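Working notes for the structure below.
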Amino acid sequence: MTGAAGANAPRGVGHLRGDTPFPAAAERALTDAQLRRNLLRATSTIQAKRAQAVAELDDWQQLRAAGAAIKDAVLAHLDDYLLQLEEQVTARGGTVHWARDANEANRIVTGLVAATGAAEVVKVKSMATQEIGLNEALAAAGIGAVETDLAELIVQLGHDWPSHILVPAIHRNRTEIRDIFLREMPDADPALTDDPAALAEAARRHLRRKFLTARVAVSGANFAVAETGTLVVVESEGNGRMCLTLPPTLITVMGIEKVVPAWRDMEVFLQLLPRSSTAERMNPYTSTWTGSVEGQDFHLVLLDNGRTATLADPAGRSALRCIRCSACLNVCPVYQRTGGHAYGSVYPGPIGAVLTPQLTGVADNPTLPFASTLCGACYDVCPVAIDIPSMLVHLRSRVIADKAAGRRAPTAEAAAMAGLAWTMRSRRRWTWALRAVRLGRVLGWRQDRITRLPAPMSAWTASRDVPRPPRQSFRDWWARR
Amino acid sequence: MRVALFVTCLVDAWAPQVGRAVIQVLERLGVTAAVPLEQTCCGQMHVNTGYPGLAVPLVRRHVRVFAGYDAIVVPSGSCAAAVRHQHAGLAASAGDAVLRRQAEDVASRTYELSEFLVDVLGVSDVGAYFPHRVTYHPTCHSLRVLRVGDRPLRLLRAVEGIDLAELPDSTQCCGFGGTFAVKNAAVSAAMLADKTAAVRATGAGICAAADASCLLHIGGGLSRLGTGVQTRHIAEILASTR
């Protein structure tokens with residue numbers, strides 16, 4: 001694919017845009033002490049377990065490199081692999097649909113469900129359907145959607161949004177969950193306690209009835225093996241498998257980057273994914289199916305929604321390697337404190353900060369690439385070695401270029417940056433600038449520190465003092481030494 | 001061996017004592033470092049804030065200034081990381097193949113202070129004396145971009161009289177992040193609060209690190225809280241003697 005493909009490629013729509021810029025949304029989230037406690041506790045636990053599970057494998061770095069290489073090879077020939085996948089799925093009785101964006105995908109799925117006459121679908125946990133806002137689209141057509149993943153069910157019953165890719169209810173503790181169940185589950189025992197086993201049992205009873213009556217299931221996919229047209233879903237509860245096998249119609253919505261060439265590639269990803277995501281050596285429920293099985297009607301919806309546009313940027317496309325393990329969320333010091341909602345997209349955390357602006361175009365998510373200290377913890381844990389910090393830096397330059405393109409005069413920041421760079425291009429100017437810094441000594445004269453500065457530096461002094469500027473720059477000291 | 005000090009713009013402007021300390025340590029070890037005064041800034045702030053174009057002339061300047069040296073010592077993990085991991089790429093994006101080669105060349109001879117002392121000079125005991133309780137914060141870029149590992153700690157452990165206290169959750173970012181500290185001030189402050197709490201839990205009177213920038217942030221937080229805990233660049237600790 002060439003760069004030109006990006007220009008005409010569809011932009012991502014759906015749940016990829018928040019209504020508040022990240023800094024403000026994050027500030028709001030930080031005021032919720034309960035949220036911060038829930039998050040820090042959960043992410044620290046998963047993080048430590050993951051480190052242990054990964055340390056067990058001597059060849060982890062080689063596995064990472066292999067995962068990255070397989071994904072890069074797929075992305076380089078994505079068009080070929082997708083056509084092969086379509087051919088294989090079709091040959092085995094499935095029907096393949098191509099969706100340019102979320103709206104098109106929603107129309108396709110809604111139409112397929114409506115054609116069966118079903119008024120309710122059961123769902124396997126799926127990021128792609130969260131991304132496109134399928135539940136709302138179905139609701140608008142009078143079709144109910146029941147999330148069957150325990151955490152997704154909690155989020156759905158709480159009329160809430162997922163805040164984590166893998167653990168969507170990570171922002172809830174068990175007392176909050178019990179309250180949601182008691183309020184929203186008509187069949188819940190009023191004496192329900194917040195014991196995890198009791199909560200799981202309540203959900204199990206609630207969901208069992210849904211599985212047995214549902215006529216349509218909707219799933220996502222973790223992988224699709226092009227050589228045989230096989231779909232792969234990886235989950236921990238078995239609820240996904242119930243959805244995949246019981247209803248007579250199965251509809252899978254899958255981002256086009258999820259395709260892998262061959263079965264042998266699964267050897268790599270089925271090691272990388274469980275250890276990175278849930279810190280498990282082997283994934284509990286790995287379901288695979290090929291085409292229409294035993295009379296089940298199977299539809300595969302291939303979703304672009306900004307992925308082709310992402311592919312067009314050589315410095316950004318490796319974000320499409322992501323296998324949605326969320327290890328980067330759990331180690332991110334920003335995510336750990338703000339949680340996922342602040343990112344305004346179904347893809348939060350470091351991967352969200354690089355993926356979301358690329359799916360939507362940077363103009364629609366200009367603050368996300370700046371939602372990081374570039375500490376590098378995400379890159380270290382990424383099982384497919386996505387260099388997220390470098391990509392964030394690249395996307396920042398795209399945001400700045402995009403802002404500059406739309407205006408005649410430079411922003412105050414751009415002018416300041418240019419002025420500083422101009423000063424730094426000359427020894428004489430730099431030397432004089434450092435002498436000017438000394439004038440700032442007047443500010444800190446009273447206590448040898450500066451406690452208040454005007455905007456925009458007031459953002460610094462809101463929580464930090466500034467030491468009084470030194471009497472002499474290093475270079476002046478050196479010159480007179 | 002011709003050694004040059006790239007003192008960094010921040011140290012030059014705001015923390016000159018760090019540059020003086022590096023000179024002292026090097027001279028004590030018999031190394032006479034040059035300080036080419038044409039040096040200014042590695043351009044990292046421009047790059048990381050989204051203005052790579054403004055950094056390219058700074059890269060050009062940097063490679064010209066430091067072309068003739070066998071080793072370039074930098075008292076900053078972050079600036080050393082910018083030279084080693086950003087400069088060549090910036091030159092490549094600017095379509096300048098010559099500059100790219102020059103940048104790769106300068107990068108290959110650029111060392112963060114602890115790398116230079118431990119790897120190039122082969123020293124871990126620099127003959128320092130510092131009778132204080134100190135906790136060490138490993139800065140993100142020294143840790144995860146340069147991979148300095150335990151070099152700074154090896155240097156600190158060899159300091160006579162030092163009482164090193166382990167910092168809880170030491171590898172967590174302090175929340176500085178360059179312009180992040182201002183653009184996302186609330187999150188930055190939340191991270192800082194956790195870092196200063198960790199520092200205070202050690203009972204150390206001094207928090208040390210290899211980056212003056214992170215120390216400006218951590219020190220600013222410790223000062224605001226009125227903790228009395230001071231910050232020191234590791235060079236300052238290594239420079240002090242009886």
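The values are calculated or read from the model by the stated rules, or taken from the named source; none is laboratory data. If you're wondering where the values come from, they're calculated on a predicted model, not measured in any experiment. FYI the Cβ positions are ideal-geometry reconstructions off the backbone, even for glycines, and counts take in every protein chain you see.
Quick notes on this structure:
- Candidate set from the stretch A:146-182 (those that are among the polar types (S, T, N, Q) and crowded, with 18+ Cβ neighbours inside 10 Å); member that is modelled with the lowest pLDDT: A:Ser163
- Screening A:Val259 on (1) at pLDDT 95 or above; (2) closer than 19 Å to A:Val381 by Cβ shows it passes everything except condition (2).
- The stretch B:82-116, residues that are more than 26 Å from B:Gly178 (Cβ to Cβ) and among the hydrophobic types (A, V, I, L, M, F, W, C): B:Ala97, B:Val98
- The lone exception for A:Ile400 - which of (1) out of contact with any Asp or Glu (no Cβ under 8 Å at 6 or more places or on another chain); (2) more than 8 Å from chain B (Cβ to nearest Cβ) it fails: (2)
- Matching option when the condition is under 26 Å from A:Phe474 (Cα atoms) and not assigned by TED's automatic domain parsing to the domain that holds B:Gly228, among B:Arg109, B:Arg151: B:Arg109
- For the stretch A:367-397, the candidate set comprises residues that are more than 9 Å from every other protein chain (Cβ to nearest Cβ) and in a helix (DSSP H, G or I); within that set, the residue that is nearest to A:Gln47 (Cα to Cα) is A:Val381.
- Residues satisfying the stated conditions in the stretch A:324-357, i.e. among the aromatic types (Phe, Trp, Tyr) and within 14 Å of chain B (Cβ to nearest Cβ): A:Tyr335, A:Tyr343
- The lone exception for B:Thr241 - which of (1) under 26 Å from A:Thr461 (Cα atoms); (2) away from chain A (no Cβ under 13 Å); (3) assigned to a loop (DSSP other than H, G, I, E, B) it fails: (1)
Every residue, every condition in (1) among the aliphatic types (A, V, I, L, M); (2) farther than 23 Å from A:Pro350 by Cβ; (3) over 20 Å from the mean Cα position of the chain (by Cα), yes or no:
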residue	(1), (2), (3)
A:Thr148	no, yes, yes
A:Val155	yes, no, no
A:Trp161	no, no, no
A:His164	no, no, no
A:Arg172	no, no, no
A:Arg183	no, yes, yes
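- Test: residue in the stretch A:411-434 that is closer than 22 Å to B:Arg224 by Cα and either small (Gly, Ala, Ser) or within 42 Å of the chain's Cα centre (by Cα) (or both): no
- Residues of the stretch A:451-470 satisfying the condition of being facing another protein chain (nearest Cβ under 9 Å) and outside any helix (DSSP H, G or I): A:Thr451, A:Pro456, A:Met457, A:Ala462, A:Ser463, A:Arg464, A:Asp465, A:Val466, A:Pro467, A:Pro469, A:Pro470
- In the stretch B:127-140, the count of residues that are modelled with pLDDT of 95 or more and in a helix (DSSP H, G or I) is one or more.
- Helices (runs of 4 or more DSSP H) lying entirely in the stretch B:174-226 (those with 3 or more residues that are more than 9 Å from chain A (Cβ to nearest Cβ) and more than 20 Å from A:Ile450 (Cα to Cα)): B:185-201
- When the stretch B:227-236 is filtered for residues that are within 14 Å of the chain's Cα centre (by Cα) and more than 11 Å from chain A (Cβ to nearest Cβ), the ones remaining, listed by number, are B:Arg232, B:His233, B:Ile234, B:Ala235, B:Glu236.
- Within the stretch B:14-25, residues that are more than 7 Å from every other protein chain (Cβ to nearest Cβ) sit with their Cβ atoms under 7 Å from residues that are buried (at least 24 other Cβ atoms within 10 Å of the Cβ) and part of a loop (DSSP other than H, G, I, E, B), at 6+ positions apart or across chains, in these pairs: B:Val18/B:Pro75; B:Val22/B:Pro75.
- Of B:Asp169, B:Asp119, all but one fail to be part of a loop (DSSP other than H, G, I, E, B) and not hydrophobic (A, V, I, L, M, F, W, C); the exception is B:Asp169.
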